[in-house]
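Quick note: the coordinates plus some simple rules give every number you see, no bench work behind them. Worth saying up front: this structure is predicted, and the values here are computed from it rather than measured. Here the Cβ is made from the backbone with ideal geometry for all residues, glycine too, and neighbour counts use every protein chain on show.
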Amino acid sequence: MINMSRKGDLLSGSIVFAAGLVFLLSTIGMKKPRIGLGSAGFPRLVTMCLIVCGIILVLRSLLSKKNLSQSMGIDKKFVLNLVGLVVSFILYLYFFKIIGFLITTASLLFFTMCVFGYRKYLMNAVLSVITSTVIYYVFTIIFKVPLPRLPL
């Protein structure tokens with residue numbers, strides 16, 4: 001069997017690269033400002049970083065000293081976690097504008113921490129709420145980027 005780290009790097013690197021490419025292509029139609037980065041500047045920066053990180057992960061897995069001809073066994077837990085993460089991202093995108101940034105982001109962060117094996121649920125919940133609140137504050141107050149709020 002191929003080293004789980006190597007298989008995970010290959011799969012996650014491919015997914016990160018593809019997601020970065022899709023998000024980068026989605027910024028093409030955004031207006032260019034006269035001054036500064038504009039609405040597309042930060043997303044393009046982040047997606048370029050995603051693409052570079054994806055390429056690095058794929059190259060790292062392909063250049064690994066392990067033998068490529070070894071059989072790739074399917075790890076059911078890995079596949080379930082991957083499917084769970086993909087479904088959670090789809091649900092995040094669906095509910096983002098309906099229930100707002102804070103609740104959807106905190107929920108996504110909590111679920112992601114649980115998938116990656118952090119079993120201290122109270123700590124996960126606290127970190128999820130704090131992180132999403134800090135991100136919300138930074139983007140709405142400092143960067144002046146409006147994020148969806150919970151409709152009242």
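Brief remarks follow.
- Listed pairs Lys31/Lys144; Lys7/Lys120; Lys97/Lys144 exceeding 22 Å between Cα atoms: Lys7/Lys120
- Compactness index (Cα Rg / 2.2 N^0.38 Å), region 74-152: 1.21
- Model label points for Leu62 and Phe95, set 7 angstrom from Cα along the Cα-to-Cβ axis, are 3.8 nm apart.
- Under the Karplus curve 6.51 cos²θ - 1.76 cosθ + 1.60, θ = phi - 60°, whole-Hz ³J(HN,Hα) for region 9-22, x wherever Gly or Pro sits: 5, 5, 5, 5, x, 5, 5, 5, 4, 5, 5, x, 5, 4
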